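The values are calculated or read from the model by the stated rules, or taken from the named source; none is laboratory data. Computed from a predicted model, the values in this text were never measured in an experiment. Don't worry about glycine lacking a Cβ; one is built from the backbone with ideal geometry, like all the others, and counts go over all protein chains shown. Surface accessibility is based on the protein's heavy atoms, side chains included, excluding ligands, DNA and RNA. Shrake-Rupley method; radii C 1.70, N 1.55, O 1.52, S 1.80 Å.
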Amino acid sequence: MAEKLLEIKNLKQYFNVGKKNEVRAVDDITFDIYKGETLGIVGESGCGKSTTGRTIIRLYDATGGEVIYDGIDVHAKKTKTELKAFNRKMQMIFQDPYASLNPRMKVLDIIAEGLDIHGLVKNTKERTARVHELLETVGLNREHANRYPHEFSGGQRQRLGIARALAVEPEFIIADEPISALDVSIQAQVVNLLKELQEERGLTYLFIAHDLSMVKYISDRIGVMHFGKLVEIGPAETLYTAPLHPYTQSLLSAIPLPDPDYERNRVRKSYNPTSHNYREDEEVTMREVTPGHFVLCSQREFDSFPK
Ligand SMILES: Nc1ncnc2c1ncn2[C@@H]1O[C@H](COP(=O)(O)OP(=O)(O)OP(=O)(O)O)[C@@H](O)[C@H]1O
Ligand SMILES: [Mg+2]
């Protein structure tokens with residue numbers, strides 16, 4: 001059994017909007033992330049994927065629940081030194097690399113920021129050498145160090161975002177839709193780069209995406225979110241071949257395949273949350289159907305699943 005890197009337990013993130021309204025962006029979700037794996041999180045816009053990532057990495061305090069990283073409670077009070085050490089372990093890559101790269105800073109300084117904060121280089125020479133090395137690691141070159149973010153293409157900018165994340169030698173990276181803003185032709189290149197880096201460095205990824213197509217290619221396991229809830233999680237293959245939650249089934253039915261026969265007969269399923277017809281006394285909770293495959297369901301639904 002693989003070792004757990006993160007345990008997310010009953011995590012909640014509620015936002016107050018207006019005087020009385022509350023958005024339950026993340027509503028009591030529980031899952032683990034194993035060392036060295038890629039866990040994909042999918043679900044439609046607004047279902048709480050980014051908020052989950054941001055709460056895990058502590059950009060937000062949690063409304064409830066726990067995030068345990070290698071045995072340490074992420075949200076517990078920490079000294080400055082502990083916090084700094086902790087921040088180094090987790091990094092985030094964003095959807096829009098342009099918005100997350102300071103346009104007035106040279107690439108050299110953007111990438112070196114983490115090196116400076118964490119005191120990872122002794123002098124300017126070492127700092128520059130380290131940035132050059134990072135640029136080469138992500139498929140760019142040392143001449144790029146003296147340029148500004150606007151002088152790069154979308155795919156190159158995402159490589160800069162990756163280099164910046166790698167600078168502090170993190171263990172865990174949350175990639176929040178890192179390829180959604182890129183041309184399809186560039187998407188695979190960036191995904192392949194992330195995969196190579198993972199193999200070389202033993203990185204653990206939480207990979208957030210809208211749709212299931214690219215996620216399948218990169219993920220070992222996949223979790224599906226709907227309205228702040230995790231509705232299904234399991235090995236990528238299982239989720240594709242034997243999805244059990246009707247929402248996962250509807251997401252899958254939306255993926256087009258380059259096969260005319262399949263396309264002619266493809267039936268798009270829609271998901272209606274009221275179709276469960278839950279009774280008030282039924283407990284709806286994550287139940288393990290086959291080892292590692294969990295579905296949010298009632299006992300009645302659980303009993304009806306093929307085992
Ligand atoms: N800072 C905030 N304050 C108030 N509401 C927020 C905040 N951040 C997110 N929300 C709300 O929480 C819900 C989840 O948002 P989130 O950004 O996590 O969704 P998402 O799954 O990442 O969507 P997308 O695919 O569009 O990026 C949405 O209803 C959103 O409007
Ligand atoms: Mg998002």
### Query
Going through the range 231-259 one residue at a time, which ones are touching a Phe, Trp or Tyr at 6+ places or on another chain (Cβ under 6 Å) and either open to solvent by 30 Å² or more (accessible area, probe 1.4 Å) or among the hydrophobic types (A, V, I, L, M, F, W, C) (or both)?
V231, I233, L244, P246
### Query
Restricting attention to the range 270-307, which residues are of a type in the set (V, I, T) and part of a helix (DSSP H, G or I)?
T274
### Query
What is the number of the single condition among (1) in a helix (DSSP H, G or I); (2) crowded, with 18+ Cβ neighbours inside 10 Å that A175 does not meet?
(1)
### Task
Scan the range 19-32 and report the pairs whose first residue is on the phi < 0 side of the Ramachandran plot and whose second residue is open to solvent by 60 Å² or more (accessible area, probe 1.4 Å) and among the charged types (D, E, K, R), with Cβ atoms within less than 7 Å and a gap of 6+ or a chain change.
V26/K12; D27/K12; D27/K229; I29/K229; T30/K9; D32/K4
### strands (runs of 3 or more DSSP E) fully within the range 1-50 counting 2 or more residues that are open to solvent by 70 Å² or more (accessible area, probe 1.4 Å)
4-17, 21-34
### Task
Inspect all residues belonging to the range 61-72 and state whether any of them is assigned to a helix (DSSP H, G or I), at pLDDT 95 or above and open to solvent by 20 Å² or more (accessible area, probe 1.4 Å).
no
### Query
Just a yes or no: is a residue in the range 234-257 over 24 Å from the mean Cα position of the chain (by Cα) and farther than 23 Å from N10 by Cβ?
yes
#### Entry: P97 being in a loop (DSSP other than H, G, I, E, B) and touching a Lys or Arg at 6+ places or on another chain (Cβ under 8 Å)
yes
### Query
Has the range 193-205 got at least one residue that is within 20 Å of V295 (Cα to Cα), at pLDDT 95 or above, in contact with a Ser or Thr (Cβ under 6 Å, 6 or more places away or on another chain) and assigned to a strand (DSSP E or B)?
no
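Can you report the number of residues in the range 73-88 which are in a loop (DSSP other than H, G, I, E, B) and of a type in the set (A, V, I, L, M, F, W, C)?
Total satisfying the criteria: 2.
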### Task
Collect the residues in the range 212-224 that are open to solvent by 40 Å² or more (accessible area, probe 1.4 Å) and modelled with pLDDT under 90, keeping them in residue-number order.
S213, M214, K216, Y217
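Take the range 181-195 and flag every residue that is of a type in the set (D, E, K, R) and open to solvent by 60 Å² or more (accessible area, probe 1.4 Å).
Selection gives D183 alone.
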#### Entry: Selection within the range 142-186 - in contact with an Asp or Glu (Cβ under 8 Å, 6 or more places away or on another chain), modelled with pLDDT of 95 or more and over 23 Å from R88 (Cβ atoms)
R142
### Message
Of all residues being within 16 Å of ligand 1 (Cβ to nearest atom) and open to solvent by 50 Å² or more (accessible area, probe 1.4 Å) in the range 196-211, which is nearest to L252 (Cα to Cα)? Just the residue, please.
### Response
D211
#### Entry: Inter-residue pairs, beta-carbon under 7 Å, first among the charged types (D, E, K, R) and in the range 51-76, second at pLDDT below 95 and within 16 Å of ligand 1 (Cβ to nearest atom), 6+ apart
R54/Y60
## Note on the structure
Selection from the range 89-116 of residues within 16 Å of ligand 2 (Cβ to nearest atom), buried (at least 22 other Cβ atoms within 10 Å of the Cβ) and more than 17 Å from the chain's Cα centre (by Cα) yields none
### Message
Quick check on the range 264-289: of everything there that is β-branched (V, I, T) and at pLDDT 95 or above, which residue is least open to solvent (accessible area, probe 1.4 Å)?
### Response
V289
